[in-house]
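These notes are about the structure you will find just below.
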Amino acid sequence: MSSSCELCRHDGGRVLWRDRALRVVLVDDPDYPGFLRVVWNEHMREMSDLNAADRERLMKVVFAAETALRQVLAPDKINLASLGNRTPHVHWHVIPRYEGDAHFPQPIWAVRQRDPDAAALAQRAAKLTELKLVLVRDLGAMAASRAEPPR
């Protein structure tokens, strides 16, 4: 743990699922219901700091988060990003994107292009409980099928 690291001190969002190695959190962004972060619990700066098995495990969770978003929210596109310039802690952003969202076609960190449709945002936000249930089911099944002992 690094006392100066935001993701060591805080979860980085509302925790939807956690095991000893990873957590999946819902980012509080009203323009992007379903915006998830997959965060490595232990402080690591870079993906290459993880051993091969841990990198594979992390990416399986990222892909499970993407799959759950696609199943529940049916976005036009998913953006995956591992930046960490401001927060040097291994984490991935898993972001559902829609052609009418606030920044499309630009990245969500770019200049806002428009105000998104409030009714569409409300419909997506109403599905967040279902998203959590799908994530917990799928990640629980994945953990149960792993041959290695839990961390």
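The values are calculated or read from the model by the stated rules, or taken from the named source; none is laboratory data. Quick caveat: nothing in here was measured; it's all calculated off a predicted structure. No Cβ is skipped: glycine too gets one built from the backbone with ideal geometry, and neighbour counts run over all protein chains shown.
Please count how many residues of the range 45-61 are among the hydrophobic types (A, V, I, L, M, F, W, C) and crowded, with 20+ Cβ neighbours inside 10 Å. It would help to see each step written out before you state the result.
Keep residues of the range 45-61 that are among the hydrophobic types (A, V, I, L, M, F, W, C), which gives 47, 50, 52-53, 58-59, 61.
Keeping just the survivors that are crowded, with 20+ Cβ neighbours inside 10 Å gives 58, 61.
Counting residues in the range 45-61 that are among the hydrophobic types (A, V, I, L, M, F, W, C) and crowded, with 20+ Cβ neighbours inside 10 Å gives 2.
Scan the range 70-126 for residues that are among the basic types (K, R), out of contact with any helix residue (DSSP H, G or I) (no Cβ under 6 Å at 6 or more places or on another chain) and surrounded by 13 or more Cβ atoms within 10 Å (Cβ to Cβ) and jot them down. Spell out how you get there, then give the answer.
Restricting attention to the range 70-126, the residues satisfying the condition of being among the basic types (K, R) are 70, 77, 86, 97, 112, 114, 124.
Then keep just the ones that are out of contact with any helix residue (DSSP H, G or I) (no Cβ under 6 Å at 6 or more places or on another chain); that gives 70, 77, 86, 97, 112, 114.
Within the range 70-126, R70, K77, R97 qualify.
What's the number of the only condition in (1) over 20 Å from E42 (Cβ atoms); (2) in a loop (DSSP other than H, G, I, E, B); (3) touching a strand residue (DSSP E or B) at 6+ places or on another chain (Cβ under 9 Å); (4) hydrophobic (A, V, I, L, M, F, W, C) that L83 fails to meet?
The single condition L83 does not satisfy is (1).
Okay, residues lined up against (1) assigned to a loop (DSSP other than H, G, I, E, B); (2) within 21 Å of D11 (Cβ to Cβ); (3) touching a Cys at 6+ places or on another chain (Cβ under 6 Å):
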{"position": "W92", "(1), (2), (3)": "no, yes, no"}
{"position": "H103", "(1), (2), (3)": "yes, no, no"}
{"position": "Q113", "(1), (2), (3)": "yes, no, no"}
{"position": "A120", "(1), (2), (3)": "no, no, no"}
{"position": "L133", "(1), (2), (3)": "no, yes, no"}
{"position": "M142", "(1), (2), (3)": "no, yes, no"}
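Starting from the range 29-54, take each residue that is closer than 18 Å to P96 by Cβ and list its partners that are assigned to a helix (DSSP H, G or I) and among the charged types (D, E, K, R), counting only C-beta distances under 7 angstrom and pairs at least six apart or across chains.
From residues that are closer than 18 Å to P96 by Cβ, the pairs are P33/R124; G34/R124.
Show the residue pairs that are 6+ apart or on different chains and have beta-carbon atoms under 8 Å apart, the first residue being within the range 109-135 and β-branched (V, I, T), the second being modelled with pLDDT of 95 or more.
Between residues of the range 109-135 that are β-branched (V, I, T) and residues that are modelled with pLDDT of 95 or more, the close pairs are V111/H103; V134/A68; V134/Q71; V134/V72.
Only residues that are of a type in the set (D, E) and in contact (Cβ under 8 Å) with a residue 40 or more places away in the chain: list them for the range 1-28, please. Explain how you work it out, then say what you get.
Of all residues in the range 1-28, those of a type in the set (D, E) come to 6, 11, 19, 28.
E6, D19 - these are the residues of the range 1-28 that are of a type in the set (D, E) and in contact (Cβ under 8 Å) with a residue 40 or more places away in the chain.
When the residues of the range 8-18 are narrowed to those that are part of a loop (DSSP other than H, G, I, E, B) and surrounded by fewer than 17 Cβ atoms within 10 Å (Cβ to Cβ), which ends up nearest to the chain's Cα centre (by Cα)? Talk me through it step by step, then tell me what you get.
First, pick out the residues of the range 8-18 that are part of a loop (DSSP other than H, G, I, E, B): 10-13.
Among the residues that remain, those that are also surrounded by fewer than 17 Cβ atoms within 10 Å (Cβ to Cβ) are: 10-11.
On the way: H10: 15, D11: 12 Å.
Among residues in the range 8-18 that are part of a loop (DSSP other than H, G, I, E, B) and surrounded by fewer than 17 Cβ atoms within 10 Å (Cβ to Cβ), the one nearest to the chain's Cα centre (by Cα) is D11.
Take the range 77-91 and flag every residue that is charged (D, E, K, R) and modelled with pLDDT of 95 or more.
Step one: filter the range 77-91 for residues charged (D, E, K, R), giving 77, 86.
Hit for the range 77-91 is K77, nothing else.
Pull up the range 51-75, narrow it to residues that are of a type outside the set (A, V, I, L, M) and in contact with a strand residue (DSSP E or B) (Cβ under 6 Å, 6 or more places away or on another chain), then point me to the one that is farthest from R137 (Cα to Cα).
Our first condition is that a residue be of a type outside the set (A, V, I, L, M); within the range 51-75, this holds for 51, 54-57, 60, 63, 66-67, 70-71, 75.
Next cut, in contact with a strand residue (DSSP E or B) (Cβ under 6 Å, 6 or more places away or on another chain) only: 66, 75.
Details: E66: 14, P75: 20 Å.
It comes out as P75.
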